[in-house]
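Let me begin by presenting the structure, written as structure tokens, before commenting on it.
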Amino acid sequence: MLSDYLPALLQAFAAIAFAAIALGLSVALGKKGSHSKIKETPYECGMLPIGEGAPRFSVKFYLVAMLFVIFDIEVVFMYPWAVSFTDLVRQSDNAVMILWSMAGFAGLLTIAYIYALKKGALNWKS
């Protein structure tokens, strides 16, 4: 039973040994850097790091980003269907059902888009 796991255990041991040897050699043979207060400050495009580190973004930014990802994924679902539509129609007896299933999907996307517009999710000014 243990012989079944032997290749996996050897590979795990080899990976851990390689990582440990590589880290040890880099510490032993690498250059030692000088430490100073100025060198250890974070680099901020040539400007002194004064104030808050990151600006606060509006929730609208994240909402628009999520809507973009959702609708982008839906287009990814539509593309393979459009490419294989003619093959699906040739192979199936019920070609109208194939078309109406995607029409329903597109209709649901349209309803979701109109809902997002009505709620003001894409309006940056409010």
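Residues that are assigned to a loop (DSSP other than H, G, I, E, B) and under 30 Å from Ser58 (Cβ atoms) were ranked within segment 81-126; the one that is modelled with the lowest pLDDT is Ser126.
Answer yes or no: is there a residue in segment 23-40 that is part of a helix (DSSP H, G or I), within 32 Å of the chain's Cα centre (by Cα) and farther than 30 Å from Lys125 by Cα. Taking every residue of segment 23-40 in turn, at least one turns out to be part of a helix (DSSP H, G or I), within 32 Å of the chain's Cα centre (by Cα) and farther than 30 Å from Lys125 by Cα.
What residue, among those in segment 58-107 that are touching a residue at least 12 places away in the same chain (Cβ under 8 Å) and among the charged types (D, E, K, R), is farthest from Leu122 (Cα to Cα)? That would be Glu74.
Out of Val64, Val89, Val76, which single residue is closer than 30 Å to Lys118 by Cβ and surrounded by 10 or more Cβ atoms within 10 Å (Cβ to Cβ)?
Details: Val89 fails: closer than 30 Å to Lys118 by Cβ; Val76 fails: surrounded by 10 or more Cβ atoms within 10 Å (Cβ to Cβ).
Answer to the selection: Val64.
With the condition kept exactly as written, say whether any residue in segment 63-70 is under 25 Å from the mean Cα position of the chain (by Cα), in a loop (DSSP other than H, G, I, E, B) and not hydroxyl-bearing (Ser, Thr, Tyr). Full working, then the answer.
First, pick out the residues of segment 63-70 that are under 25 Å from the mean Cα position of the chain (by Cα): 63-70.
Next, from what is left, pick out any that are in a loop (DSSP other than H, G, I, E, B): none.
There is no residue in segment 63-70 that is under 25 Å from the mean Cα position of the chain (by Cα), in a loop (DSSP other than H, G, I, E, B) and not hydroxyl-bearing (Ser, Thr, Tyr).
The values are calculated or read from the model by the stated rules, or taken from the named source; none is laboratory data. If you're wondering where the values come from, they're calculated on a predicted model, not measured in any experiment. All Cβ positions, even for glycine, are placed from backbone atoms using ideal geometry, and neighbour counts span all protein chains on display.
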